[in-house]
Each structure stands twice: as structure tokens, then as C-alpha cells.
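Working notes for the structure below.
The values are calculated or read from the model by the stated rules, or taken from the named source; none is laboratory data. It should be emphasised that the depicted structure is a prediction, and the values quoted were computed from it without experimental measurement. Neighbour counts run over all protein chains shown; Cβ positions are idealised from the backbone, glycine included. Please note that ligands, DNA and RNA were not included when accessible areas were found on the heavy atoms of the full protein model with its side chains. Shrake-Rupley method; radii C 1.70, N 1.55, O 1.52, S 1.80 Å.
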Amino acid sequence: MDWYDISAPLVNGMPVWPGDTPYQFGLQWTKDESGSVNVGRLTLSTHTGTHIDAPYHFDEAGKKTHQLDLSVYMGPARVIYLPDCARIGKAELSAHDLRGVERLLIRTDAWQVKETFPHMIPHVSPDAVLCLKEWGVRLLGVDVPSVDPIDSKELEAHHALNQQGIHILEGIVLSHVPEGDYELIALPLPIVDGDASPVRAVLRVK
Ligand SMILES: N[C@@H](CC(=O)c1ccccc1NC=O)C(=O)O
Ligand SMILES: [Zn+2]
Ligand SMILES: [Zn+2]
């Protein structure tokens, strides 16, 4: 195995943010009907499954999906394992030497029952964000649907990360991925004026 798929499968009925648009794929035309081709139709939130947030999601003046710097989403990445953690803070991260890590992906395994949306998730605390910046992190990925608590309205971690120019990747699947160094590719779609985008995220073993 020289690469890992770290994307959540897109399937009807999959969990979405409470109250958000349900994910739906179906055939708009079948081959029988059209006489030549099957043609699918998607209805989905931009925050479906494995996705990136554009700063515009939480900041009116922030970059939109089509304006994102793609170099953030391709390149060397470190996976670390922080099991049983309620909060991703400076103390938790300091157990690892993360200097020079540009893309940090955190495996918590906190979201076990993937058929339902989690009520409680580990969140990134603002004290971690300055450390991440200092170490040179440009992209933070988590294996839960948000970097903030599910019921947060302030979105402290989203704002703190954005203030430091650190981009956000959410809902990655890392339960089968050992700690270590990889090459990440997780490219957003060029959604003009978008607030986020689903991505196909993969890790190549170095
Ligand atoms: N901040 C969350 C998403 C989020 O907050 C959200 C996504 C879809 C529908 C509603 C949402 N938040 C409502 O308060 C995220 O980072 O994906
Ligand atoms: Zn999101
Ligand atoms: Zn988010």
C-alpha cells in the first residue's frame, strides 16, 4: 500500500451538520430513459463529508473557495495520533516535535459511529494556534466535522486559525492511518464565491 484514501464516502443518508442540506445523489436520466447515458445529479452542502472551509465561511471579508491558494492543499503532511483527547491544546501538541511541519493532520478516533453526526468532539483550543503558527503549520486537518465544539457560535478556533493564516480541513478519515510523514493531496473544487468545498483527500506514503 503506497497511499491511503482519507476521504469519507459520499452516500445517501450520510450524516450532515444538524439542519444542513441532506446529501443526495441520484440519476437524473438513466441510460434506459436517455437511450445513451446515465447522468447523475448531486444535492449537497459544501460542508459534506471530508471538506475544506474557505475563510469566507465565517468571515465576510475572507477568501472564497475559488480564491484559495492550492499549494496549501498539496505537499508534505504529518499525521499524529491524539487518542482520548477532549481538547487539542498546546499541552497535547507539545508532546510531538512539530517544528517545520507544514500540514498537520490529527487523528483522534473520537468519531467512532460514522453513521451519525457526533454530539461531542475534541476541539482546537486557541492556545494551540499560536504554537502551530510558530512551528510553520499552514494547514490543520481533523478527523471530526469541525475544529470548534459542535454547538459553538463564536467559532473561536476557526477565527484564530484564520488570523494566523492556517487553513482548515475537516472530516478526514484517519482510523487506518499510522502516525508519520506523508504527501497530502486534498484539492477544493473551484466553486466561485464558495464558502467551503468537499475534497478527495489522499496521503501518499513517503
Ligand atoms: N463550522 C462548521 C460548519 C457549520 O458551522 C455549519 C455547517 C452547515 C450548516 C450549519 C452550520 N453551522 C450553523 O451554526 C464547519 O466548520 O464545517
Ligand atoms: Zn466546514
Ligand atoms: Zn469548519
Of Lys63/Lys206; Lys64/Lys90; Lys133/Lys153; Lys90/Lys114, those spanning more than 26 Å from alpha-carbon to alpha-carbon: Lys63/Lys206; Lys64/Lys90; Lys90/Lys114
Signed unit charges on C-beta, dipole axis of the range 27-92, positive-most listed residue Ser34, Thr50, Leu82: Leu82
The chain, relative contact order in percent, only Cα pairs under 8 angstrom and at least six apart counted: 31
Point-to-point label distance, Glu102-Val39, nm (Cα→Cβ direction, 7 Å offset): 4.1
Residue-span extension gain [Asp193 to Asp127] - 0.36 nm each, minus C-alpha spacing: 20.7 nm
Full-extension gain in nm, Gln28 to Lys63, via 0.36 nm per residue minus C-alpha separation: 9.3 nm
The range 1-133, accessible surface, carbon-and-sulfur percent (1.4 angstrom probe): 54
Between the range 25-99 and the range 131-206, the alpha-carbon center distance in angstrom: 7
222 nm mean residue ellipticity, helices alone, for the chain (DSSP H n ≥ 4; -39,500 (n - 2.57); rounded to 500): -3000 deg cm²/dmol
Test item: Cα-centred dipole of the chain, Lys/Arg +1 and Asp/Glu -1 on Cβ, debye: 380
DSSP-defined beta bridges in the chain - what % are antiparallel, rounded to 5: 65
At q = 0.12, 0.16, 0.17, 0.18 Å⁻¹, base-10 log of I(q)/I(0) for the chain (Debye sum, equal scatterers on each alpha carbon): -0.60, -1.04, -1.18, -1.32
Shape box of the range 46-138 [Cα atoms, principal axes, largest first, Å]: 36, 36, 23
Alpha-carbon Debye profile of the range 37-80, log10 I(q)/I(0) at 0.14, 0.19, 0.27, 0.29 Å⁻¹: -0.53, -0.81, -1.06, -1.10
Of Arg107, Arg78, Arg99, the one that fluctuates the most in a GNM where the chain has Cα springs shorter than 10 Å: Arg99
Whole-Hz ³J(HN,Hα) from phi, Karplus 6.51 cos²θ - 1.76 cosθ + 1.60, for the range 98-103, glycine and proline x: 10, 4, x, 7, 8, 10
